[in-house]
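Before any comments, here is the structure.
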Amino acid sequence: MSAIAILKNTRSRRYAIVASAVLVTLLGVTGTPAGNAEPPVKGVTPPQPQHHWYQIGRASWYGKLFQGHQTASGEDFDMNQMTCAHRSLPMGSLVKVTNLRNNKSVIVRVNDRGPVPHNRVIDLSYAAAKLLGFGGRGTAPVRLDLIASGTPLAAQMAVHAAGD
């Protein structure tokens, strides 16, 4: 047998092994063999996977310099409220912010656009930064978890539901 024939044989075996591995993986992911799948029940929608939005990065805060100025949402900025500025989340969204240094968390409402420095993911009001433990430091590593997205009404409903 020539060397070329051995290489072709080995190559086709590799393809067969890779194809088998892919097939086994796909069957393992679905959890049921193709022949034993349960029939769908009429009128019942199967559960859809829940996608959870989060972001990890650096947070900063803003305070006295912007006190009373109008935010992107049209309301006046109050450094003593639990609010924040985010580049893309809808106005009125509720975000849980966790300081990754000390594991303290707060819930803030998006009412402004920012932050201006591109190496930061969120600008918090002074009150939120103080509760997170970095009011004097200026910045901190944080994780953002979206709680409620959209209109202020949706955010209010989420706050009331969390309080019950």
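The values are calculated or read from the model by the stated rules, or taken from the named source; none is laboratory data. These figures come from a predicted structure and were not determined experimentally. Ideal geometry is used to build each Cβ from the backbone, glycine not excepted, and the neighbour counts take in all protein chains shown.
For residue 46, are the conditions met, namely being at pLDDT 70 or above and part of a loop (DSSP other than H, G, I, E, B)?
Working: at pLDDT 70 or above: no; part of a loop (DSSP other than H, G, I, E, B): yes.
Answer is no for this residue.
Which members of the range 122-148 meet the condition of being closer than 18 Å to residue 71 by Cβ and not in a strand (DSSP E or B)? Before you say what the answer is, go through the steps one by one.
Residues of the range 122-148 that are closer than 18 Å to residue 71 by Cβ, as a first pass: 122-129.
Within the range 122-148, 126, 127, 128, 129 meet the criteria.
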Out of curiosity, is residue 105 in contact with a strand residue (DSSP E or B) (Cβ under 8 Å, 6 or more places away or on another chain) and either more than 10 Å from residue 60 (Cα to Cα) or aromatic (Phe, Trp, Tyr) (or both)? yes
Among residues of the range 49-71 being over 22 Å from the mean Cα position of the chain (by Cα) and in contact (Cβ under 8 Å) with a residue 40 or more places away in the chain, the residue farthest from residue 136 (Cα to Cα) is 71
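Mind listing just one residue for me: the one in the range 83-94 that is part of a loop (DSSP other than H, G, I, E, B) and crowded, with 17+ Cβ neighbours inside 10 Å and, of those, nearest to the chain's Cα centre (by Cα)? I'd like the intermediate steps shown before the answer.
As a first pass, look at the range 83-94 and keep what is part of a loop (DSSP other than H, G, I, E, B): 86-93.
Restricting the remaining residues to those that are crowded, with 17+ Cβ neighbours inside 10 Å gives 86, 89, 91-93.
Numbers: 86: 13, 89: 10, 91: 16, 92: 16, 93: 12 Å.
Here the residue is 89.
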